[in-house]
Amino acid sequence: MSNIDTMLQEERRFPPPTEFSSRSHIGSIEEYERLYRQSLDDPETFWSQMAEELDWIEPWEKVLEWDPPFSRWFVGAKLNASVNCLDRHLGSRSDKVAIRWEGEPPNEQRELTYAELHAAVCRFAAGLRELGLETGDRVAIYMPMVPELVIACLACARLGLVHSVIFAGFSAEAIKDRVNDSEVRAVITSDGGWRRGKVLDLKGNVDRAVADCPSVEHVIVLRRTGTEVDWNEGRDHWWNDVIRDAPAECEPVALDAEHPLFILYTSGTTGKPKGILHTTGGYLLGAALTTKYVFDLRDEDIYWCTADVGWVTGHSYIVYGPLAMGATTVIYEGAPDYPEPDRFWDIVERHKVTIFYTAPTAIRAFMKWGDEWPEQHDLSSLRLLGTVGEPINPEAWMWYHRTIGKEQCPIVDTWWQTETGSILITPLPGATVTKPGSATKPFFGIETDVVDEAGESVGPGAGGLLVIKRPWPSMLRTIYGDDDRYRDQYWAKYGDRNWYFTGDGARIDEDGYLWIVGRVDDVLNVAGHRLGTAEVESALVAHDSVVEAAVVGRPDEIKGQAVVAFCTLESDSKPTDALKGELKAFVGEQIGPIARPAEIRFAEAVPKTRSGKIMRRLLKDIASGAEEVGDTTTLEDYSVLAALRESEEG
């Protein structure tokens, strides 16, 4: 059942611009292939050389200790992530801007140089130490996208406190589950945060959560919005009081390379929270190397990843990767359409952003809002575009290429997961010929394959299950407190072969390029054919009237499953029965009759997590007529569910 039929073809090719390649860290496909081959043939030497990108307090005795499925990287070495992100830049980049921040309320901006960020981190770390927090303690961070969120992460890293960032849109119940799972001693939060002009009640959510969290001794509160909050004397501390008498120097702790850096709980889970544990040395190296090579980072770049630090993308490509490499990283607090749908393009223009990294769901929203919004702004500072999250459909890729990149900017379509820590499949922008919709080839040291249920490679043109055949430095080490679940979920499928099972379906083409076709759990089984959701969705979005599509299966007595498509239309398209028929026929022409939707529902929006992933599980319930839907903890907008229940096939 793991063979996946793939029928969607993409013939367009985009080589890197010659001028871009001439200045790139990796400027040719031959150079990529040489380094990639070395990374597989002689990993000990390769990773030893690459690890020189970081500053180590003590060297390693051994690069890798692999006791499947448990790995230890840079065994015996000591380092500190905060030192790598701050202290080592104080000589050459002391006055360089590290963080360029913009709040959601217009005209609210701050800049922190590396020297200023270092001092702020030291003060807060010293304050945490004064509260009695010790190396190895867990600290939860539930804050809006403000510089203090980054300061809190780096202060924890400086002391060897294990941080667990909880997205600031999560409920009190979600906070409670995460805090209790990792037995957090302190929670860092804010009185509130701005989102679409409204104040989020962050302190209130924390109060409701920690009432049932016996391990919590301290709650530290940043004054962000001036909102009045309840106060628990003795437990609660204002941020400014914590740092008031703290020195601007705080000695970093020399930590073992395998010391835990953070726990991050994955979204959309039901039952017991799943805390992904990442350690210091291997994770930091993965984040730093991919920031350098995937984004072809230069010292003069203004780099903006639009994710939230509450997700792994924000950890790796707002905080640890860019700061370890001495970049200027842009942080924005609010919504992309507040106060108008051009907010992102206004930020790009004013801050002269050169590297822009966002999600396919955001790109499709930009398409729906219309070209007139980006066209109001000068985007000529951009030199590289990136995409992360769900697979990007070719038409969204082309819109991004034409409308935002003006056909001048390479696009890096990156594949990775919370569990992988850093990007694993990606173009290198100065070397790789890109194909719209393909994440292209593996990064250094990543040995991928697409296999069937028996573990046999399916070969070019066929679809199957994406696996990774050897360990890599930034991989998760376990699920916090649950080694058995870690082993069963990620490593048990192929037994003693010790392959990491990604949970994604993929195909590999004749050039060795990888195409992600969707989560294996979402693959459709239609009359004996296994269809990836990404291919059917891509076909729908290729139609001029459709800006976003989500495809699921519902039970069908004859075919096993029938294809149900939820489509969001372009602003000037009308939802009619005629259009439904046209879209069904269009998919049949693009892919084949087997993929033709049995049902199409038009929707203003589809349910997504707060990180932008489509919640197909909820759509399956709606398509099959289920009265109840599953866990909605991570749902962005609950009104979407009510609207979808009312939308029926005409």
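Annotations for the structure displayed:
- Applying a 4.7 Å cutoff between beta carbons, the unpaired cysteines of the chain are Cys85, Cys153, Cys156, Cys213, Cys305, Cys409, Cys567.
- Long hydrophobic helices in the chain, taken as whole DSSP H segments with a C-alpha length of 15 Å or more on their own axis and mean Kyte-Doolittle hydropathy at least -0.5: 114-130, 147-159, 280-294, 577-590.
- Summarised in one figure, the compactness ratio Rg/Rh of region 379-435, Cα atoms and Kirkwood Rh, is 0.98.
- Three-way shape label, region 81-253, alpha-carbon gyration tensor, a/c 1.5: oblate
- Pairwise label distance in nanometres, Arg487 with Asn232, each label 7 Å out on the Cα-Cβ vector: 3.7
- Taking label points 7 Å from Cα along the Cα-to-Cβ direction, Glu447 and Glu589 give a separation of 4.6 nm.
- When shorter helices are ignored and each DSSP H run of at least 4 residues is given -39500 (n - 2.57), the per-residue value for the chain at 222 nm works out to -8000 deg cm²/dmol.
- The chain: relative contact order as a whole-number percent, Cα under 8 Å and 6+ apart: 14
- Mean projected area of the Cα convex hull of the chain, taken over all directions, amounts to 26.9 nm².
- Checked against a 22 Å cut-off, the cross-linked pairs Lys435/Lys608; Lys352/Lys608; Lys493/Lys608; Lys78/Lys469; Lys96/Lys352 give Cα-Cα distances beyond that limit for Lys435/Lys608; Lys352/Lys608; Lys493/Lys608; Lys78/Lys469.
- Full-stretch length increase - Arg208, Glu61 - with 0.36 nm per residue and alpha-carbon distance subtracted: 48.2 nm
- As a calculated quantity, the FRET efficiency between Asn107 and Arg497 at R0 = 45 Å, using C-beta atoms, amounts to about 0.20.
- Förster radius 41 Å - calculated FRET efficiency between Ala248 and Arg196, Cβ distance, rounded to 0.05: 0.65
- Residue order, fewest to most beta carbons within 10 Å, for Thr227, Thr426: Thr227, Thr426
- Stretchable slack from Arg37 to Glu19, in nm (0.36 nm times residue separation minus alpha-carbon distance): 3.9 nm
Each value in this text was obtained by applying a stated rule to the coordinates, not by laboratory testing. Predicted model, so just to flag it, every value in this text is computed and none were measured. Quick reminder, even Gly has a Cβ in these numbers, built from the backbone with ideal geometry, and neighbours come from all protein chains shown.
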